[in-house]
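See below for the structure under consideration.
Readers should treat all values here as calculations from the given coordinates under stated rules, not as data from a laboratory. It should be emphasised that the depicted structure is a prediction, and the values quoted were computed from it without experimental measurement. Positions of Cβ are generated from backbone atoms using ideal geometry, with glycine treated the same way; all protein chains shown enter the neighbour counts.
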Amino acid sequence: MSVLDRILLLVTSLLAAYQIAFGIDGSSTLPVIAYTISFGVLLVAGLLLISLGFDVLEAPAVVIIFTLIPISLATGLVWEYLASFRVIYLVYALIGLVAIIVTRSFPIPGKLPTIVLALIHGVAGMTIFLLPIIFAIMDKTEPRFAFVGIGGALIGVGGMLLAFLKTGKPILSQKLTLTVLPGLLLVMTLCFVIGFKVG
Amino acid sequence: MFTKLRPYWSLIKSLQTGLLLSTGLAGYMSARCPVFNLGTMVGLGASLALSISGSTILNMWWDRDIDARMTRTKKRPLASGQIAPNEALRLGLLLSLSGVGLAVAMDALYGLIIFAGIFFDVVIYSMWLKRRTAWGIIWGGISGGMPILAGRVLGYGGFDWIGITLALGILFWIPTHILTFSMKYFDDYKAAGIPTFPSTYGFHMTRITIAVSSVLASLAMGFASYGIGMTIGYLRVLIVLSIGLLSLAAVSVFKPTERTNFGLFKYASLYMLSSMILMVV
């Protein structure tokens, strides 16, 4: 891992820490917990990547841990902005998380683990991508809240790059994926911080 | 000039000294933040830096024979003969005495705690217990907790439960740091005849000890931070960092690998440094 990669990851961790410390205070209890989980995973993941290098991505638990970012972020957004879907989305997120843990922890033949991951990840990713942009377009929030949606798109890109890399069918080469990952994480986190600041 | 000074620089283990120095500064600032007295801050930093560097040199002077037998440490300046033992002894004593002298001049109780830190570290831990029992690290841990306690006492004006809890936090953090290290360099310590937790109680028990001490360290840092009056936002960050530490400790117990062990070692240092920063910002 290059010095630049370490700097990018350190800034990402600092931004995530800033968001946890200052960026979510106005929200109610459940979104605060949900956002703390997602930015907390980013913070700790950044520190672990700095400490251990990209080798840490080979750990089997990475898929589960990185899934926490979109699931908890989407849950927080739905709880805050789509009051009528709160409970149903929370139940969906919890069941989805348990399903991912089960299908990734025990040997299950066939494509079920991939289908479960794609379904849960996909819905959470689309929620983070679309909800802020639609709300910004509809003037229900500040226009800059759309940055959260851009962050959501980037998290989807990063998630897909890593997921396909781990399945042995990489979209980009491993070297290129690992080259763009620190910058991608930084821009994504920056988008979230900017978006939430005005959301 | 630089080439000549380099061996002396490595004598003080700058990263370890810097980390302990940061705990002392954080201990002071936990009681006096924002800091308005720059003179006291400079005196605090200088006395801590001198004392910690001095005791580190004295430890290296005493342990030069075992350092020479370990692959990891045989290139150290004293073990490899780059610096004469008497020269290192004089330098270590000079720095230690200067540090304690400056500390006593600032505040007698503060100076006493600094002296106790050096005494526990050099005499009790290195000279007496290190080669006899694996439990010697407890005293290493107690001496490691002295800078933050000293800083807190200087800032607060006496002992309080927060200072004691902060020192306990460091005491419980030390096993996470040192025991992971002693597992990584198990063969080295064995070759040098130093009793460690892994060689005495086995790797599994050592990992459990690390996990338990991580829980206790996190709890102590959390309680102390709450007592200091840390804002809810910073507390959230501390909780997240603590969960990271506890998760790594748990993984190292249930799915132990060399990488997890080393990751825990490095993360524990980052955790402590981050905790100190959170206490002072």
Helices from chain B with mean Kyte-Doolittle at least -0.5 and a Cα length along the axis of 24 Å or more, per DSSP H: which?
-> B:14-32, B:38-62, B:85-106, B:136-156, B:161-184, B:203-228, B:232-254, B:258-280
Comparing B:A250, B:A26, B:A211 in a Gaussian network model of chain B (Cα, 10 Å), the one with the largest mean-square fluctuation is B:A250
Using the Kyte-Doolittle scale, find the helices of chain A whose mean hydropathy is at least -1.0 and whose Cα atoms extend 27 Å or more along the helix's long axis, counting only whole DSSP H runs.
-> A:29-52, A:62-81, A:86-105, A:112-137, A:146-166, A:174-198
For chain A: rounded, prolate or oblate by the Cα gyration tensor [a/c cutoff 1.5] | oblate
Pull up the cross-link candidates among the lysines for A:K140, meaning alpha carbon to alpha carbon under 20 Å and not fewer than 8 places away within one chain.
-> A:K197
Pairs of Cα atoms under 8 Å, at least six residues apart: use those to get the relative contact order of the range A:44-199, whole percent.
-> 21 percent
Stokes-Einstein at 20 °C, 1.002 mPa s, Kirkwood radius from Cα pairs: D for the protein assembly as shown in µm² s⁻¹?
-> 88 µm²/s
With point charges of +1 on the Cβ of Lys and Arg and -1 on the Cβ of Asp and Glu, referenced to the Cα centre of the range B:28-79, which listed residue (B:C33, B:G45, B:L58) lies farthest in the positive direction of the dipole?
-> B:L58
Under the classification rounded if a/c is under 1.5, otherwise prolate if a/b is larger than b/c and oblate if not, where does chain B fall, given a ≥ b ≥ c as square roots of the Cα gyration tensor eigenvalues?
-> oblate
Provide A:I37, A:I128, A:I155 in ascending order of the number of other Cβ atoms located within 10 Å of each residue's Cβ, fewest first.
-> A:I37, A:I155, A:I128
If the limit is 29 Å between Cα atoms, which of A:K166/B:K255; B:K13/B:K130; A:K175/B:K13; B:K13/B:K184 go over it?
-> A:K175/B:K13
Considering only A:A124, A:L14, A:A163, whose Cα is most displaced toward the positive end of the charge dipole of the range A:3-198, charges sitting on Cβ of Lys, Arg (+1) and Asp, Glu (-1)?
-> A:A163
Unit charges on C-beta of K, R, D, E only; dipole of the range A:1-159, Debye = 260 debye
For the range A:68-127, which semi-axes, largest first and in whole Å, follow from the square roots of 5 times the eigenvalues of its Cα gyration tensor?
-> 24, 10, 8
Chain B: most fluctuating residue of B:T40, B:T196, B:T56 per GNM, C-alpha cutoff 10 Å | B:T40
Is the range A:93-197 rounded, prolate or oblate when judged by the Cα gyration tensor, a ≥ b ≥ c being the square roots of its eigenvalues, rounded requiring a/c under 1.5 and prolate requiring a/b larger than b/c?
-> oblate
